[in-house]
Amino acid sequence: MSGILLLLLSLQDSFQQQIDDSVRQFEAAGELDQALTLLSTQLLALGARATNPIARRLADDLRDGMASAAAPAFIDALVGRPDALAPLQDAFRDATTSAAGRIELAEALLQLDDAMTWRAGLLSITADRKASLTDRLHAIRVLVEAEDPGVPALLRSLVRTLPELTEPQQREVVDFLVSMDTPLSRELLVTIAADDRLSEAVRRAARPLPSSRATPEDPGEKVLDGVSRAPDLRTVVKKRETQNAGFFTMPTILAGGVTLVLLVLLLVEVLRKG
């Protein structure tokens, strides 16, 4: 039994060394996108037996709330591996993990098809008035991604307490709702814009820009990517259509006139000789 345990520990150490080497290579690379793809490939090549070391490394990376640039490659390497969930779940439940770290871990778990074990924890963060507003909004965004049915109530409650926040915090909430761009967020922005308890600057920030109308003013106007665009009135004439046009062009008229003059001169000459 002890021999098997030593073998497993030896394998874990070997995987950990390879992970460390791959991460160092990633951090030294100049082109981030290519380096991230390479790191993901290297982690996947370690196989299923490296799942636990990779998951533990990701959990350590996320628990302080400051995910490294390499985190997406770790998540990519763990997709479809149920054994990867336990280290992340343990880190989420750890009392020493920061609120920001728990949100990052919840987001990673959601990407790894765990949409339930962390919800109660995130809901408690959103309801905690002592928590950072940035953390609360980030937690709500993760819950939105998970399609949590409690999100509408959370947002309405947040908007009701808006006058209690500082003006920078109020702007942070407004910017968050603007970025959501959903029917509910637009409805809440209308409510904020009409709230006399808020400053004019905050209310103005909640009003939609004229270029972001939900419906066009002109029946012939099209809305594309949230921006109203008038129809293009230019007519494109194809070359094939020009060649088959059913009207006389200027060159045609000139050619016909020259032919008529020549015929008249020829007739005059015939009559003179006759």
In whole Hz, with x marking every Gly and Pro, tabulate ³J(HN,Hα) for the range 62-72 from phi via Karplus 6.51 cos²θ - 1.76 cosθ + 1.60, θ = phi - 60°. 8, 5, 8, x, 10, 5, 7, 5, 7, 3, x
Can you tally the net charge around ALA205? Count Lys and Arg as +1, Asp and Glu as -1, for every other residue whose Cβ sits under 11 Å from the Cβ of ALA205. 0
Exposure-ranked with fewest Cβ neighbours within 10 Å first, VAL173, VAL23, VAL79, VAL144 stand as VAL79, VAL144, VAL23, VAL173
Potential extension, ALA201-ASP113 segment - 0.36 nm per residue separation minus Cα distance: 27.6 nm
Net charge near ALA35, counting Lys/Arg +1 and Asp/Glu -1 over other residues with Cβ under 15 Å of its Cβ? -4
Quick query: amide H of GLY65 versus all other amide H atoms, modeled in the peptide plane; which residues come in under 5 Å with a sequence gap of 5 or more or a different chain? GLY101
Kirkwood radius from Cα pairs of the range 15-121 plugged into Stokes-Einstein at 10 °C, 1.306 mPa s, gives D in µm²/s equal to 115
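What is the range 15-121's relative contact order, in percent, from Cα pairs under 8 angstrom and six or more apart in sequence?
Relative contact order, the range 15-121: 26 percent.
Read the figures in this text as sums done on the coordinates, not as results from a lab. Note that the structure is a prediction, hence the values are computed from the model and not measured. In this analysis, Cβ positions are derived from the backbone assuming ideal geometry, glycine residues included, and neighbour counts consider all displayed protein chains.
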